[in-house]
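The values are calculated or read from the model by the stated rules, or taken from the named source; none is laboratory data. These numbers were taken from a predicted model, which means no experiment stands behind them. Side chains are part of the model used for accessible areas, which takes the heavy atoms of the whole protein and leaves out ligands, DNA and RNA. Shrake-Rupley method; radii C 1.70, N 1.55, O 1.52, S 1.80 Å.
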Amino acid sequence: MTSDPVKTPLLPADPAALDPLPGRLHRTATEAGHEKVARGLTYLFGRAACPDCEGVLEVSEQVQDQDTY
């Protein structure tokens with residue numbers, strides 16, 4: 001039996017520190033009352049630590065680099 005991969009928590013971005021486009025998306029979602037979407041955007045534009053090498057990765061870059069959608 002194969003063990004489950006090690007997981008680490010995602011590190012959400014600070015909404016006040018988001019770049020212009022992600023910041024605008026976050027504000028729009030918040031102003032429209034879509035708190036789950038706004039919170040999800042902080043994770044999408046946040047970071048993640050690799051459990052193997054302990055390197056920190058930008059989540060949005062990893063999503064962008066996916067070949068399949």
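Quick notes on this structure:
- Identity of the residue in the stretch 1-22, farther than 14 Å from S60 by Cα and modelled with pLDDT of 95 or more, that ends up most open to solvent (accessible area, probe 1.4 Å): P20
- Listed by position, the helices (runs of 4 or more DSSP H) contained in the chain that have at least 3 residues being of a type in the set (S, T, Y) and more than 12 Å from the chain's Cα centre (by Cα) form an empty set.
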